[in-house]
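For reference, the structure discussed in these notes is given below.
The values are calculated or read from the model by the stated rules, or taken from the named source; none is laboratory data. Remember, predicted model here, so these are calculated numbers, not experimental data. Cβ placement follows ideal geometry from the backbone for every residue including glycine, while neighbour counts extend to all protein chains displayed.
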Amino acid sequence: MASTYGKILKDGFLVENPIFRQVLGICSALAVTNLVVNTLFMGFGVTFATALTAFTVSLLRNWIPVRIRMIVQVVIIACYVMMIDILIKAVAPDIHRFIGPYVGLIITNCIIMGRAEAFASQNKPLPALIDGFANGLGYTAVLVAIAVVREIMGFGTVLGYALPARDLWWHQWTIMVMPPGAFFMLAILTWIARARLVKEETK
Amino acid sequence: MNKKSPAYVLAFMAAICIVFGTGISVVNYATQGLLAKNATLHRNGVLCRAFQLDVAGTSAEAYQQAVDAALRTSVVGGRTVYECVAPGKEGVGFVAGGMGFWDRIECVVVLSPDLQKILNVQVLEQKETPGLGARIEEPWFTDQFKGLTLAWNDPQGQRILVGANPAPNAANEVDAITGATQTSMALMRFFNSELDAFRAQYAQPLNLEPLNR
């Protein structure tokens, strides 16, 4: 049983990573990755919403009418996202002022509905919860990797802290904090990750 | 019960909406006090920074005391006006608001008592793009407004200028934000209209020259 849960975790986090394998959630991956702190809160929001949505959909899977299952999933996702929005606003108002516009957009994040439809609606609650959590973590890890590079190149900081002796050697790449920078980074990361995975699979 | 029947579908949907709607209401109700406290703290913090007030500590009470002691509040023409009465400080401030690129932006603007110069600008609310338009909150941008001379006689109504303009290095010009031209232009537009509106409401006792537009 433990190995099953371990496999679900590994699949969601790495082997079937939502960003570079399933190519889901790309919109927010491009939008919020110019600062690491914004990315961390976005990752927390998506992980929380994906895990709880998957758990709830799995709990209700035997009662949800098939024809309206997607409407039900959207209602569940929207409710969890609104709760996250309110909680971030209450606990971290300064962060909410920056990422507020994107938190609402978690509702339309394909990862959440993708996992609810592909996994949670056909599996028991605990595996569904782990799958949602793993996919949320996989999404967060990729976004943080992109954000670290973009923030360093675009602002010369990591989590708002300036790089050592920044004025002596660092030169700003404004394009890295603009939308094209996100496309470059996402493409490079996807290329590296997929090349590595394909190599492992062919071994 | 037949899961395909319209009655079941309707009842299920209604139950889901009631349960989850109640969940959101509970979370919203439970955090209401915290949200109101955060909003007051944020507003007081922005006012303290805008008027450069001395605050004894970082608590909400310290900010409230600093605002209460240093600012006299009045309502002029439906607009809240803050006048600094702290010893050795001066300035008259108001909240200038208008549409940004994504949503409404609100800034506290502090002018000299004769309304000829901007003493400071601090952003109160904005929902611009993080890392781009949202940089209007950063000190390098807001510091540009300090000491800016307002062009009350500009025939185009350009009391301030943001970004490229026909008269480089004008006394009322600040640099725009790279990658956020629309936010910068929106800020300039509503600043200019709000400054005119504020002057019309507030400046009558000062007996200023009529506006040149």
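List of remarks:
- Pairs linking a residue in region B:1-20 that is loosely packed, with under 12 Cβ neighbours inside 10 Å to a residue that is in a helix (DSSP H, G or I) and not basic (Lys, Arg), with Cβ atoms under 9 Å and 6 or more positions apart or on different chains, are B:Met1/B:Ala7; B:Met1/B:Tyr8; B:Met1/B:Ala11; B:Asn2/B:Tyr8; B:Lys4/A:Val66.
- Residue ID - surrounded by the fewest Cβ atoms within 10 Å (Cβ to Cβ), chosen from residues in region B:173-190 that are more than 10 Å from B:Phe141 (Cα to Cα) and of a type in the set (A, V, I, L, M): B:Met185
- Pair list, Cβ under 7 Å, 6 or more apart: region A:89-110 residue within 8 Å of another protein chain (Cβ to nearest Cβ), other residue among the basic types (Lys, Arg): A:Gly100/B:Lys127; A:Pro101/B:Lys127
- Residue match in region A:20-38 (condition: over 22 Å from A:Phe184 (Cα atoms), in contact with an Asp or Glu (Cβ under 8 Å, 6 or more places away or on another chain) and assigned to a helix (DSSP H, G or I)): no
- Take the conditions (1) surrounded by 15 or more Cβ atoms within 10 Å (Cβ to Cβ); (2) more than 18 Å from B:Asn120 (Cα to Cα); (3) of a type outside the set (A, V, I, L, M, F, W, C); B:Gln156 misses just one of them, which is (1).
- Breaking point among (1) surrounded by 20 or more Cβ atoms within 10 Å (Cβ to Cβ); (2) part of a loop (DSSP other than H, G, I, E, B); (3) more than 14 Å from chain A (Cβ to nearest Cβ), for B:Pro130: (3)
- Region A:54-74 - residue that is basic (Lys, Arg) and in a helix (DSSP H, G or I) and, of those, modelled with the lowest pLDDT: A:Arg67
- Any hit, region B:11-25, residues being in contact with a Pro (Cβ under 9 Å, 6 or more places away or on another chain) and facing chain A (nearest Cβ under 10 Å): yes
- Take the conditions (1) more than 15 Å from the chain's Cα centre (by Cα); (2) on the phi < 0 side of the Ramachandran plot; (3) of a type outside the set (D, E, K, R); B:Gly100 misses just one of them, which is (1).
- Set side by side, the residues A:Val149, A:Val142 differ, and just one is at pLDDT 90 or above and closer than 14 Å to A:Ile19 by Cα, which is A:Val142.
- In the set (1) within 10 Å of another protein chain (Cβ to nearest Cβ); (2) touching a residue at least 40 places away in the same chain (Cβ under 8 Å), B:Arg79 fails one condition alone, (1).
- Taken over region A:51-74, the criterion of being over 12 Å from A:Glu117 (Cβ atoms), buried (at least 17 other Cβ atoms within 10 Å of the Cβ) and not hydrophobic (A, V, I, L, M, F, W, C) is satisfied by A:Thr56, A:Pro65.
- Exactly one residue out of B:Val46, B:Val55, B:Val110, B:Val67 is crowded, with 17+ Cβ neighbours inside 10 Å and in the same structural domain as B:Thr178 (by TED's automatic domain parsing): that is B:Val110.
- 1 or more residues over 27 Å from A:Ala187 (Cβ atoms) and of a type in the set (Val, Ile, Thr): qualifying helices (runs of 4 or more DSSP H) within region A:75-160: A:93-103, A:125-155
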